[in-house]
Structure formats: C-alpha cells, structure tokens
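Asker: Pasting a structure below so you can have a look.
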Amino acid sequence: MRSRSAFARTLGLLTVLLLSPSAYSVDLDYSIEMGIEHNDNVNLSENDPVSSDILEPKLGFNLQQDSSTVQTSAAGLLEYHDYLGGEFSDDFRGQLAGYLNWTMMPERLNLTVQDALGVQPINSLEPNTPNNQQQTNVFAIGPTLNFRLGEGMRGQAELRYISSYADKTEEFNTNRLAGALRAIRDLDAVSAISANVDDERVDFIDSAGGPDYDRFSVYGRYTRKWSRLDLLADAGYSWLNYSSNTVDDRDNPLVRARIGWNATERSKFTMNLAYQFSDAASGMIDNTDIGTSIPTSITTGEVSITSQPYVERELSVGYAYTGDRATFGITPYYRGIQYINTTTIETGATDQSARGATAAFSWQLRPLLTAGIGVTGENLRYTGIDREDDTWTATAALTQQWTRNWSGRAAYQRYSRSSNAVGQSSDQNIVYFAVIYTR
C-alpha cells in the first residue's frame, strides 16, 4: 500500500509539472531501454552465491521549464526487474528528483513543491540484495512570501509541510512543519548577506520512531557569484529540543560551505563542507541534484532509514575535466554521522565514518563509439559496533550510437566488499547489455 502511495505521489507531482501554467514550453527528454543482466551473486553471499539472469526494461526522463511564472526541473527513472529463473520476486523500482516553483504573485508570493523518491536499504548493515531494498519518499510543499524591510533590505518568510515515509521501516515515517524567516541585503550585483532563522517540527507517525523533536537554527549566509567562482557559506548555531525527557536536548555549531571554481573552460573544481544537525529525510530532500541529463541507473542509498537526528560531518573536493573527446572526474570525500538518540535506534542506525573516492573517465574512440571506466572505493567504519567494511566497485562500458535516437550499451561491473563482520564479505560480477531509444 505504501509503495503504491509513493508512486501515486510521484505521478501526482509529474501531473502538476506537466499541467502547470506555461506547460507548453516544457523541454522533455526521455529514453526507453531494454536490458538484460547476468549477475553471479545477486544475494551478495560470502559462501552461497545465487546467480541470475535479469530482464530490465527502463524508462527515464528529464524535464526542464523556465518561464516568468513557472520554473521546473525533474529527472526520474522507472525500472522493472524480471528474475528469469525465479530466484527472487520480480520488482518495480522508481527514482525521482523533482522541483517546481510557481510565481503566484510576481515578486511577492511563490509556491514551491519538491519530491525525492528513491530506493534505500531496509537494514544498512546487511548486503544490498533485492530483499533488503525499499522505496522511500520525501515530499515538501509550501509558500514563500517576499517583502521589503527597507532600502537595500528584503525579507522572506517560508512555510513547508514535509512528509517522509518508507515501505518497510516505519521509524522513517514523519509529518513535519518547517518555517523560516530571512533578512537579505544585496551588497552588489553578484553578492549578498542574510540573517536566517529556521525551525522544523518533526512528528513521528509510529511511536517506534522515537520522541518527537524540534530543530531550531540561527545562522548568517554569504553568497557571491563571480564569472568563474560561486560561493555559499553559512555559519551559526542549532538546537535540538525533544518532546520527551528520556532524551537530552542538544545544541551544536552549524557550518556549511559550497564552492565551485571554473578554473578554465574545461576544468572545474568543487568543494562541499558541512558540520550540522541533520537526518536521513532532510538529506534526501536537501542534497538532491537534478541536473539536465536523463538518469541511467537507480542506486540504492547507504544511509540508515530512520528520522532520528544526527551530527553530520562532511567534506568532499572534486575535479572535473570536459574535453572534445575525453572527460574525467574525481571526488575524494569524508562523511561522519553521530546519532543523538541512542535509546531507540533500530539495527543499522549506528555511528559511522566513511572515507573514499569516486573517479570516472570516458573516451570517444570513434565519432559514434565511446568507452568509459568508473571506480569507487570506500572505507566504512561503524564506530558504535566495532565493524569495518572496505568496498570497491569498478565499471567498464562501451556505448555505440547507431542513429540519432538508437544506441547500444555493453557493461561489466565488479563489486567487492571485505568486512571484519562474520559473513559480510562478498564479491559480485555483473554483465549487462542494452538497446536504448532516446528522444
């Protein structure tokens, strides 16, 4: 029932996007893919692997609209997995990142809708198998009021209703009400400073989720857009206030920064920094990158699906190069999570720290033939249970463009995990072939 509800909300959002004012100016790209996969260890078992041939039809899309009244971005992918030998039950998966901003009154009142639909683990300590996956959804809607505070100063008032839920993990399901007040001063045409007050009330639908809580933040923000450099920096303080005296209230500094530097026309450096209170649902809706390309695969997330808050520490530095025939990118990162409430945490939601890097390289061998290689490595430590996992994923692919709309793809993926937990080490090989129609 909840899975159908997730897809119903997603389809509802897509209907709003397509039927919104000025919908005739929507730029819609889509792809239809028919693929077949051979997986030699679907259950990611250390000692008893199960192999399977899987038929995988897919439908992906990217939608963009930018008019005076409506700004829309949405990217999604729908997949059906048919396990031809009956090793697992067939399943239907969906992924969507959607954003809509409707200007109801110019320079005065906007309505914003956001949705993040994805696939997450039921228990993040267990292997990423079909039986350990579930649909999750975070949906947000509400108005933003713009007003003047005096010469050179403007204000914003925001109100959002937010719903988070998961198919299997009831501790994730919440109703939230979030509000914000902002005073913004434009320093010049490319920079601004602001004072911000945010408050979010989190009410768990199921009592197993833990005590309800408020997250209150006060911070200053500086933004600047140069011709080659974009900068956003936040600094302030946050408080967590629980509705039950079984958990102590907490306070913590808040620091965030995002930097993008276009060093040349072909090279770009990025940096992301965060030290703040957060939770799984907030991360899904805040960190969604829609982009302008059609998604090609659904990636199962790695976070524990609970709405319990945690202290997040994150740092990533990236470099990307785009040439006439070659592209290259590399992003080393660090991520640390420390949960606040340790009395009601379900299996998998334990303190952790991860260090890793992702790298990708592609080369146009001929005008219509492209080769690509991708590698991801990560060391993940669960500090609360003295567990350590080292994982590697390597992918090699060839894409042949036959006509303007038709292409073929062949790929090989190797996954390996070494763990000090009994029975959690495994290796997996995947071979994939697909025919793709893209418009």
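The values are calculated or read from the model by the stated rules, or taken from the named source; none is laboratory data. Since this is a predicted model, take the numbers as computed values, not measurements. Note: ideal-geometry Cβ built from the backbone for every residue, glycine included; neighbour counts use all protein chains shown.
Asker: Is there any pair with a first residue in region 201-218 that is within 17 Å of Ala349 (Cα to Cα) and a second that is among the polar types (S, T, N, Q) and surrounded by fewer than 17 Cβ atoms within 10 Å (Cβ to Cβ) whose Cβ atoms are under 8 Å apart and which are 6 or more apart or on different chains, and what are they?
Answerer: The qualifying pairs are Gly210/Thr343; Pro211/Ser243; Pro211/Ser244; Pro211/Thr246.
Asker: I need a count of the residues in region 421-430 that are loosely packed, with under 14 Cβ neighbours inside 10 Å and modelled with pLDDT of 95 or more.
Answerer: Going through region 421-430 one residue at a time, the tally reaches 0.
Asker: Restricting to region 276-298, and then to whatever is touching an Asp or Glu at 6+ places or on another chain (Cβ under 7 Å) and assigned to a strand (DSSP E or B), can you tell me which residue is nearest to Gln135 (Cα to Cα)?
Answerer: Once the filter is applied, the top-ranked residue is Ser278.
Results for (1) under 19 Å from the mean Cα position of the chain (by Cα); (2) surrounded by fewer than 20 Cβ atoms within 10 Å (Cβ to Cβ); (3) hydrophobic (A, V, I, L, M, F, W, C), shown as yes or no for each residue.
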| residue | (1), (2), (3) |
| --- | --- |
| Val50 | no, yes, yes |
| Thr72 | yes, no, no |
| Ala75 | yes, no, yes |
| Tyr80 | no, yes, no |
| Ser89 | no, yes, no |
| Met105 | no, yes, yes |
| Pro127 | no, no, no |
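To keep it simple, each residue is scored yes or no on (1) of a type in the set (Lys, Arg); (2) in contact with a Lys or Arg (Cβ under 7 Å, 6 or more places away or on another chain).
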| position | (1), (2) |
| --- | --- |
| Gly98 | no, no |
| Gln114 | no, no |
| Leu125 | no, no |
| Gln133 | no, no |
| Gly150 | no, no |
| Gln156 | no, yes |
| Ser163 | no, no |
| Lys168 | yes, no |
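Asker: Spot the failing condition for Ile205; the list is (1) hydrophobic (A, V, I, L, M, F, W, C); (2) touching a Gly at 6+ places or on another chain (Cβ under 9 Å); (3) within 27 Å of Ser244 (Cα to Cα), and only one is missed.
Answerer: With respect to (1) hydrophobic (A, V, I, L, M, F, W, C); (2) touching a Gly at 6+ places or on another chain (Cβ under 9 Å); (3) within 27 Å of Ser244 (Cα to Cα), Ile205 is out only on (2).
Asker: Can you give me the number of residues within region 200-241 that are assigned to a loop (DSSP other than H, G, I, E, B) and surrounded by fewer than 19 Cβ atoms within 10 Å (Cβ to Cβ)?
Answerer: 7
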